[in-house]
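*Asks:* Here you go, one structure.
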Amino acid sequence: MVAYRIELADLRAHQFRVTLTVQEPAAEQALSLPVWIPGSYLIREFARHLSCMQAWQGRRPLVLEQVDKARWIARCAGRAALRVSYLVYAFDTSVRAAFLDTRRGFFNGTSLCLRVEGRHSDEHRLEFARLPKGWQVATAMTPAAPVRPGKPSYHSADYDELVDHPFELGRFWHDSFSARGVRHEFVVAGAFPGFDGDRLLADARRICETQIAFWHGPRNNSRPPFKRYLFALNAREDGHGGLEHRASTALLAARRDLPRADMQALSDGYVNLLGLISHEYFHAWNVKRLKPKEFASLDYARENYTRMLWFFEGVTSYYDDLMLRRAGLIDAPRYLALLAKSVNAVRTTPGRRVQSVADSSFDAWIKYYRADENTGNATVSYYAKGALVALVLDLRLRQHHSSLDDVMRELWRCGSAQAIDENDLAQALQALSGRSFQRDLTSWVHGTQELPLESLLQPMGITIDEGAAGLAPSLGLRLSEGPVTGVQVKAVLADSAAARAGISAGDELLAVDGWRIRKLDDALQWTSQQQPFELMLVRDQRVQSLTVRPDARSPLRRTVRLSLHEGAGREALAKRRAWLGQ
Ligand code: ZN
């Protein structure tokens, strides 16, 4: 057995102390810490937060030799248990690492738990030393009988399971609901008074029930593939994100996005939060169980490449908002507005003509998670375009008396050990529709051509038209605009009016035609989008002027809008209802 004792050693210094015990260690026992966390495809080097590592066998101190950035060898004599103790600095507010202060603790096993090489399929046990008074523990890991009273303890079948169960610690709001007979717990840390927990619970439950019915049908006797599920949400002033796990998810949301007791209509922020809940829950099937072949066994020491993230993240992104519609939480026009946002995000990304979503998936490790000012010009998001590929696959399948819903269920049922590659997808598409999707996959997934959105949405009774974009997007500028002063260019889109004028990422924009601006749209009060204007800016502390010539023919001048076509025929209406729900 491998056992970890977790001590909240110093709340103010944000330090956990971990003591690892390995029964019957090898003569040269290797220990290593993961360099990444599954679900977030970037090398994060968690070992940089480890310090003061010491080892013993019985009472005898051992020499620990560090052999690379994240790996150590303990030279043991005999079978006496090996004990290793170390500190972990934890001050990362994201869902991907570890955090500890006087109010709250959080960690993933990938940040705290050294992997005992050769023993990763042994049973693992995790136990807490004394917790601060009033603190609770939330996790979906299986509780073990407490070794000592008041010291919560858990166990897992192997290391993979250990690091797939994040822990939330502190004083938090918590409640639970049952969906299809399965207990779902919801924990919220950091909520303001007046937060409407009942509302959050009721809406989350509708999402869960809709998704369970999606995967397993309406019959009450089929169950989701987990015995219980935990939503662990941390509310902060700012932030938005989540990470999926086999029986839980860690969520980060802005406090103002939580529902309030006096809330009338659903705020955009709350819809965004419900979309996040829906997204991470869908992952419990799509990526945690149905997964890329390359993830059948994970290597924690290096990048794990796959060209299929567009499918696992894109399809999940497609269904996250669609499930809100099907659960009846938002109406069809609101769903179409969310869909139009994704359409606009992709069509204002010049990188869609440079990189395919298959390549975007493969390069996630060095591109998606390392965005800079050139990202929009050189890459496309496998989330955003992946979701649109899922949309066109779904709509094309619906022309052939099938749907992406059917394909997902077929892959779920047939995937050999549920690890699939693109061939498995191509076969499922063909088997259910009676037509080959090879050319579509080549173009949509491996190519950079535009997706046939208009020709596929129109037969569903959806109208596409265009509205005017604001000044900054029209010129091809992505800006950060401060509340008081300062307009800074974050990125300049290729082949745009801003690029032709010579504006550069990092420029601070001061004035338009001699008038000071606080937001670029301020300039619309004295200039038009038709006339050239003088732009005064600061670059590396030097003030200079440029002439900007708006381009009336640029597609960036317009944004796409989607709406229900009121005069749609009966066939289109039936298809639309099957797709979007009643
Ligand atoms: Zn995701």
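Since every read-out is calculated from the coordinates, none of them should be taken as a lab result. A quick note: this is a predicted structure, and the numbers were derived from the prediction, not measured. Neighbour counts are summed over all protein chains in view; Cβ atoms, including those assigned to glycine, are modelled from backbone coordinates with ideal geometry.
*Asks:* Can you list the GluC sites (Glu not before Pro) in the stretch 372-445 that are in a DSSP coil and have 14 or fewer other beta carbons within 10 angstrom?
*Replies:* When the GluC sites (Glu not before Pro) of the stretch 372-445 are filtered for loop state and at most 14 Cβ neighbours within 10 Å, Glu373 remain.
*Asks:* Something else now. Please label the shape of the stretch 1-115 as rounded, prolate or oblate, based on the square roots a ≥ b ≥ c of the eigenvalues of the alpha-carbon gyration tensor (a/c under 1.5 means rounded; beyond that, a/b larger than b/c means prolate, else oblate).
*Replies:* Taking the square roots of the gyration eigenvalues as a ≥ b ≥ c, the stretch 1-115 is prolate.
*Asks:* Next question, about the same structure. Expressed in nm to one decimal, what extension gain is obtained for the pair Phe177 and Gln54 from 0.36 nm per residue of sequence separation less their Cα-Cα distance?
*Replies:* Taking 0.36 nm per residue and subtracting the Cα distance, the gain is 39.9 nm.
*Asks:* Express as a percent, rounded to the nearest 5, the fraction of DSSP beta bridges in the chain (both residues included) that run antiparallel.
*Replies:* Bridges in the chain that DSSP calls antiparallel: roughly 80 percent.
*Asks:* Next up: Counting only residues 5 or more places away or on other chains, whose amide H sits under 5 Å from the amide H of Gly105 once H atoms are built in the peptide plane?
*Replies:* When sequence neighbours closer than 5 places are left aside, the close amide H contacts are Leu169, Gly170.
*Asks:* What is the distance in Å between the Cα centroid of the stretch 230-284 and that of the stretch 22-70?
*Replies:* The distance from the Cα centre of the stretch 230-284 to that of the stretch 22-70 comes to 34 Å.
*Asks:* Please state the charge dipole magnitude for the stretch 378-516, taken about the Cα centre, from unit charges on C-beta atoms (+1 on K and R, -1 on D and E), reported in debye and rounded to the nearest 20.
*Replies:* It comes to approximately 100 debye.
*Asks:* In the stretch 1-133, with Lys and Arg counted as +1 and Asp and Glu as -1 at Cβ, which of these residues, Leu62, Ser51, Ala129, has the Cα nearest the positive end of the dipole, that is, farthest along it?
*Replies:* Selected residue: Ala129.
*Asks:* Further question on the same structure: Which FRET efficiency value, to the nearest 0.05, do you get for Ala254 and Arg558 by plugging their Cβ-Cβ distance into 1/(1 + (r/R0)^6) with R0 = 41 Å?
*Replies:* Approximately 0.85, to the nearest 0.05.
*Asks:* Can you pull the one-decimal nm distance between simple spin-label points at Asp10 and Val354, each 7 Å off the Cα toward Cβ?
*Replies:* 4.5 nm
*Asks:* Another question, if that's okay. Fewest first, what order do Trp173, Trp310 take by the number of other Cβ atoms within 10 Å?
*Replies:* Least crowded to most crowded, the residues run Trp173, Trp310.
*Asks:* Can you tell me the dipole magnitude for the chain around its Cα centre, using point charges on the Cβ only (Lys, Arg +1; Asp, Glu -1), in Debye to the nearest 20?
*Replies:* Here the size comes out at about 1040 debye.
*Asks:* Among Ser474, Ser504, Ser153, Ser222, which comes first, then next, by fewest other beta-carbon atoms within 10 Å?
*Replies:* Listing Ser474, Ser504, Ser153, Ser222 from fewest to most nearby Cβ atoms yields Ser222, Ser504, Ser153, Ser474.
*Asks:* Can I ask one more? Could you tell me which of rounded, prolate or oblate describes the stretch 425-467, using a ≥ b ≥ c as the square roots of the eigenvalues of the alpha-carbon gyration tensor, with rounded for a/c under 1.5 and, failing that, prolate when a/b is larger than b/c and oblate otherwise?
*Replies:* Oblate, since a/c reaches 1.5 and b/c is not below a/b.
*Asks:* With label points built 7 Å along Cα→Cβ from the Cα atoms of Asn304 and Gln544, find their separation and express it in nm.
*Replies:* Placing both labels 7 Å along Cα→Cβ, they lie 4.8 nm apart.
*Asks:* Quick check: residue separation of Arg439 and Glu481 times 0.36 nm, minus the Cα distance between them. What number comes out in nm?
*Replies:* Taking 0.36 nm per residue and subtracting the Cα distance, the gain is 10.8 nm.
*Asks:* So, with +1 on the Cβ of K and R and -1 on the Cβ of D and E, and no other charges, what is the size of the charge dipole of the stretch 81-229 about its Cα centre, to the nearest 20 debye?
*Replies:* Once rounded to the nearest 20, the dipole reads 380 debye.
*Asks:* Which pairs, out of Lys367/Lys490; Lys69/Lys490; Lys341/Lys490; Lys490/Lys519, put more than 22 Å between their alpha-carbon atoms?
*Replies:* Flagged as over cut-off: Lys69/Lys490.
*Asks:* Once all Cα-Cα distances of the chain are split into 10 Å bins that start at 0, what whole-number percent is in each one?
*Replies:* P(r) for the chain, in whole percents per bin: 3, 15, 23, 25, 19, 11, 4, 1, 0.
*Asks:* What does the C-alpha gyration tensor say about the overall shape of the stretch 197-271? Classify as rounded when a/c is under 1.5, otherwise prolate if a/b is larger than b/c, or oblate.
*Replies:* Taking the square roots of the gyration eigenvalues as a ≥ b ≥ c, the stretch 197-271 is oblate.
*Asks:* Can you tell which of Ser278, Met263, Gly150 lies farthest toward the positive end of the dipole of the stretch 133-288, using +1 and -1 charges on the Cβ of basic and acidic side chains (Lys, Arg; Asp, Glu)?
*Replies:* Gly150
*Asks:* Related question: Residue by residue, what Karplus-based ³J(HN,Hα) values in Hz, rounded to whole numbers, does the stretch 106-112 have, using 6.51, -1.76 and 1.60 with θ = phi - 60° and x for Gly and Pro?
*Replies:* 7, 7, 9, x, 5, 8, 10
*Asks:* Still on this structure, please answer the following. How long is the gain from Thr463 to Asp122 if the chain were fully straight, where each residue apart is worth 0.36 nm and the alpha carbon distance is subtracted?
*Replies:* So the extension gain works out to 117.1 nm.
*Asks:* OK, next. So what is the relative contact order of the chain, in percent, for Cα pairs below 8 Å that sit 6 or more residues apart?
*Replies:* Reported as a whole number, the value is 9 percent.
*Asks:* Between Arg79 and Asp238, what FRET efficiency comes out of the Förster formula 1/(1 + (r/R0)^6) with R0 = 56 Å and r the beta carbon distance, rounded to 0.05?
*Replies:* Efficiency, from the Cβ-Cβ distance: 0.60.
*Asks:* Now a separate question. From the helices alone, meaning DSSP H stretches of at least four residues, give me the mean residue ellipticity at 222 nm for the chain, per-run term -39500 (n - 2.57), in deg cm²/dmol to the nearest 500.
*Replies:* -8000 deg cm²/dmol
*Asks:* Another question about this same structure. Can you run phi through the Karplus equation (6.51, -1.76, 1.60; θ = phi - 60°) for the stretch 289-304 and list ³J(HN,Hα) in whole Hz, with x for Gly and Pro?
*Replies:* 10, 6, 8, x, 3, 5, 9, 4, 9, 8, 9, 7, 9, 7, 4, 10
*Asks:* Tell me the net charge near Asp424. Cut-off is 10 Å between Cβ atoms, Asp424 excluded, with +1 for each Lys or Arg and -1 for each Asp or Glu.
*Replies:* With Lys, Arg at +1 and Asp, Glu at -1, the net is -2.
*Asks:* Considering only C-alpha atoms, what is the centroid distance from the stretch 313-360 to the stretch 504-582, in Å?
*Replies:* When both Cα centres are located, 20 Å separates them.
*Asks:* Can I ask one more? When DSSP beta bridges are limited to those with both residues in the stretch 172-270, what percentage is antiparallel, rounded to the nearest 5?
*Replies:* 45 percent
*Asks:* Can I ask one more? Can you put Ile330, Ile464 in order, fewest other beta carbons within 10 Å first?
*Replies:* So the residues, fewest neighbours to most, are Ile464, Ile330.
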